[in-house]
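One structure is given here, and the rest of the page talks about it.
The values are calculated or read from the model by the stated rules, or taken from the named source; none is laboratory data. Source: prediction; values computed, not measured. Cβ: placed from backbone, ideal geometry, glycine included. Neighbour counts: every protein chain shown. We work out accessible area using only protein heavy atoms, side chains counted, and drop any ligands, DNA or RNA first. Shrake-Rupley method; radii C 1.70, N 1.55, O 1.52, S 1.80 Å.
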Amino acid sequence: RNKIFILLASFYFWLIITGFFSKNYINSLFSNEAVIFYFRYFFFIFGVALLLEQNICRLKIVFIYLVAVFFLVLFDSYFQFFNGTNIFGYEKYDLNRVTSFFKDETILGQYLAKIFPIIIVLYLMLYNYDHKSFYFYLVSATIVLLIIFISGERLSFALISLFMISLAVYEHQKLKIYIFYFIFLLF
C-alpha cells in the first residue's frame, strides 16, 4: 500500500517485460547482472526503512562502525602510499595506484566516494551542525579527496566533488568558505 513500493514494483515489472522483448532475452533476464535479480534492492530499501521506523537499528552504532572502518581504510591507504605496502603486506596495484585492503582490485576510490556521503549525512542527522562539525567535514573531505586522487579513479573523484558542491549549495550560509575551499583544492 506504500506509493513508493507500488512505483518501484511497477518499474521492476516494466523492466522484466521489456527484457522479454529484447533480442537476447535469456541473457537480459537471467545473467548475473540481469533485471530479474533487482528485487533484492527493494528488500534492502524497505528493510532499512523498516529498521529506521521501528528504531531497531541504532543510527549511532551504525555511524560509529562506519567511521571506524572508514578511518581504518584511510590510515591504511596513506600507509600504503608512503611505504609501498599496507598493514597486511599488500603492495600497490601499480607503482602509482593505492588499493589499501582491496589488494588487486582498484575500487578504493569507489568505496570512499560511496561511504563518505553516508557518513556525512549520518553525522548531520545525529549531531547538531556547528563550527566543529563544519571543520571536521572540511578536514575529512580534504583527506578523502587526496586518497581518491592517489587511487587514480577519476569517476570517484568527480562523484565526491559533486557531493561536496551539492552540500555547499545546501549549506548556503557558508557558501563563501566553500568557494574558497574549492579554489584552494584546485591549486
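Data for the structure
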{"item": "Yes/no for L112 being open to solvent by less than 50 Å² (accessible area, probe 1.4 Å), in contact with a Leu (Cβ under 9 Å, 6 or more places away or on another chain) and closer than 17 Å to F63 by Cα", "result": "yes"}
{"item": "Scan of the stretch 62-100 for residues that are loosely packed, with under 13 Cβ neighbours inside 10 Å and of a type in the set (G, A, S), ordered by number", "result": "A68, G84, G89"}
{"item": "Filtered residues of the stretch 157-178 (kept if open to solvent by 90 Å² or more (accessible area, probe 1.4 Å) and modelled with pLDDT under 80)", "result": "V169, Y170, H172, Q173, K176"}
{"item": "Hey, L29 surrounded by 14 or more Cβ atoms within 10 Å (Cβ to Cβ), at pLDDT below 75 and more than 25 Å from L122 (Cα to Cα) or not", "result": "yes"}
{"item": "Among residues of the stretch 78-101, those that are under 12 Å from I150 (Cα atoms) and touching a strand residue (DSSP E or B) at 6+ places or on another chain (Cβ under 7 Å), counted", "result": "0"}
{"item": "Any hit, the stretch 54-73, residues being among the basic types (K, R) and out of contact with any Leu (no Cβ under 7 Å at 6 or more places or on another chain)", "result": "yes"}
